[in-house]
Amino acid sequence: MPAATADDLDDWDEAAPRAAALIESLRSFGYSPETALADLLDNSVSAGAMRMDLKFVWDEESSHVAVVDDGDGMTADVLVEAMRPGSVSPLAVRHRTDLGRFGLGLKTASFSQARELTVITRTPGGRDVNVRRWDLDLVGRTGQWRLQRTPAEQAVPYIDHVRAEGGTTVVWTKCDQLLGDVDRSPEKAADRFFRVAAQVQAHLGMTFHRFLGTGRRGRIIRVDGNVVEPWDPIMKHPATHALGPPERIPFMGSVISVQPFVLPHRSKLDESEQRRGAGIRGWTAHQGFYVYRNDRLVVAGDWLGAAGAKDEHTKLARIVVDFDSSLDLQWQIDVKKSTARPPGIVMDDLRRVAAATRRAAEEVYRHRGNIVPTGAHRGADRQFVLAWQEFKDRSGQVRLRLNRTHPILSGALNGSVEQRRAVDRVLRFVEETLPTSLIGIRLADALDREVTPYESRPDEVAKLLRYAVEVMVVAGASTTAALDELALAEPFCSYPAIVESMRDGEL
Ligand SMILES: Nc1ncnc2c1ncn2[C@@H]1O[C@H](COP(=O)(O)OP(=O)(O)OP(=O)(O)O)[C@@H](O)[C@H]1O
Ligand SMILES: [Mg+2]
């Protein structure tokens, strides 16, 4: 048989999806109640809504959830199109303020939680209230894509509101996934229902924080009457550090912007600030990249494969990434708008920024945010005493040299001339044979791992500290002065608790 050369040849079969089967499959995109409702709010925001009211109405099996917005609403024709799965092609160019992409969210989000979806809507100029309803049971029974023109019973009371105020109201009924098995234990089901409402409130405060609050663009979202408070991952606080201005990476005619932050050490935060900074999932889980698409948060803390695990030590690192929806395909935005994968081409940039931010965050974590201690008994301009120093040799090559004034080394270099020569010989041997090129090759890995001196042998640190104090006391320092100095010397600066214990006489 010759290969087909044109689309209009006659030899084809129509293989349209079976309504009953496909509409059930649309339920399984993997939404949580929070991500499903965020998807509905994307639509409300895109329609210019300034007020969005979510209602969780408990009535056992007949419980329902409604999202009432004051956006532009839809004409009857637009509503029918909106209810169609795949209403807009993902290839269509979208406006900067449109949070949609696939023409699916309204349906997939709703069906993930409920078997019945009613939409009631009116445009500002429109006389009529338009109503359409999907009932999965009817589609299943008839095998036809029958979009009904009547509302579900629980949706009826919302019609008057839409008639008076305009906007769009979406109502979920037959909420099988959201409710679970109500018959078995109605009390438990009710508890869960209201717990979900609370989780949704927190999730929306995070996801839409740039849209909320006071000001000209301030939108208001309510969940059962409670105003959703914005949660900005970059806590406004004097001790929050921006590690530079936003870096702008041009990409495919658009720009990806990246700005790293290190949040304050816990000693700088009061209890309520600590709780607030912890967000929904806690400090450690909330480290990493915060990816915003058209200002709407898609990823709330993830290293995106650009750095190692979510360590306790790096938990203060949060990096804001912004792009607009023209890059959806490159970022592999999913229908739920809850995952994103960076385009391969920016991965190197993200790795570099992640490594630097993790290092800075670890510094703050280990040193209580005081890179230079500022106590009255310490010189405020004291420098760290490093174990290694960089210098350039005669040929201009960068070399590494052990710092012979470091208390540990100066102690060993204190003996007789002979002893001093022997120690110096060993140190020079280490410096000269240091496999710098090998270290260079391994540098990328090393940045990810953030190795701290004596990390695997912390028990040795106390012994070493005791030795260093002795050396300095023999040389004429007081114990307090010695500890002040050693607190800033490697490796002790990574172990402030050990230094403090020795100061308190506990070691
Ligand atoms: N609350 C609303 N107010 C006005 N129009 C709406 C509302 N909800 C949905 N629509 C219309 O319905 C269409 C389909 O919505 P749906 O969420 O299914 O797809 P989308 O938003 O275009 O893309 P995505 O699948 O990425 O969410 C929207 O493009 C919009 O025109
Ligand atoms: Mg949508």
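A few points about this structure:
- Top-ranked residue in the stretch 56-73 [being under 20 Å from T168 (Cα atoms) and out of contact with any Phe, Trp or Tyr (no Cβ under 9 Å at 6 or more places or on another chain); ranked as farthest from ligand 2 (Cβ to nearest atom)]: V57
Residues are listed down the side, and each one gets a yes or a no for (1) among the aliphatic types (A, V, I, L, M); (2) in a loop (DSSP other than H, G, I, E, B); (3) within 7 Å of ligand 1 (Cβ to nearest atom); (4) modelled with pLDDT of 90 or more:
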site	(1), (2), (3), (4)
H95	no, yes, no, no
D98	no, yes, no, yes
G103	no, yes, yes, yes
A109	yes, no, no, yes
S112	no, no, no, yes
L117	yes, no, no, yes
D137	no, no, no, yes
G140	no, no, no, yes
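- Hey, W283 under 28 Å from A92 (Cβ atoms), at pLDDT 95 or above and assigned to a loop (DSSP other than H, G, I, E, B) or not: no
- Residues considered: G73, G105. Of these, the only one that is under 30 Å from the mean Cα position of the chain (by Cα) and of a type in the set (G, A, S) is G105.
- For the condition in contact with a strand residue (DSSP E or B) (Cβ under 7 Å, 6 or more places away or on another chain), modelled with pLDDT under 95, of a type in the set (V, I, T) and buried (at least 17 other Cβ atoms within 10 Å of the Cβ), V298 does not qualify.
- Residues in the stretch 223-235 that are under 18 Å from G301 (Cβ atoms) and either free of Cβ contacts under 8 Å to residues at least 60 places away in the same chain or not hydrophobic (A, V, I, L, M, F, W, C) (or both): P230, W231, D232, P233, M235.
- Residue count, the stretch 247-292 (criterion: more than 12 Å from the chain's Cα centre (by Cα) and under 22 Å from Q332 (Cα atoms)): 13
- Scanning the stretch 79-93 for residues being near ligand 1 (Cβ under 6 Å from one of its atoms) and modelled with pLDDT of 90 or more gives a total of 1.
- Among residues of the stretch 17-55, those that are part of a helix (DSSP H, G or I), within 14 Å of ligand 2 (Cβ to nearest atom) and open to solvent by 30 Å² or more (accessible area, probe 1.4 Å), counted: 2
- Test: residue in the stretch 171-191 that is within 11 Å of ligand 1 (Cβ to nearest atom), free of Cβ contacts under 8 Å to residues at least 24 places away in the same chain, among the small types (G, A, S) and on the phi < 0 side of the Ramachandran plot: no
- Filtered by the rule that a residue be within 21 Å of E273 (Cβ to Cβ) and modelled with pLDDT of 95 or more, the stretch 213-228 gives V227, V228.
- Residue count for the stretch 95-117 satisfying the condition of being within 11 Å of ligand 2 (Cβ to nearest atom), of a type in the set (D, E, K, R) and touching a Phe, Trp or Tyr at 6+ places or on another chain (Cβ under 9 Å): 1.
- The lone exception for A92 - which of (1) over 19 Å from N294 (Cβ atoms); (2) more than 11 Å from ligand 2 (Cβ to nearest atom); (3) open to solvent by less than 40 Å² (accessible area, probe 1.4 Å) it fails: (1)
The values are calculated or read from the model by the stated rules, or taken from the named source; none is laboratory data. Fair warning: this is a prediction, and the values are worked out from it, not measured in the lab. Heads up, the Cβs are rebuilt from the backbone with ideal geometry, glycines too, and the neighbour counts pull from every protein chain shown. The area values use the complete protein model at the heavy-atom level, side chains included, leaving out ligands, DNA and RNA. Shrake-Rupley method; radii C 1.70, N 1.55, O 1.52, S 1.80 Å.
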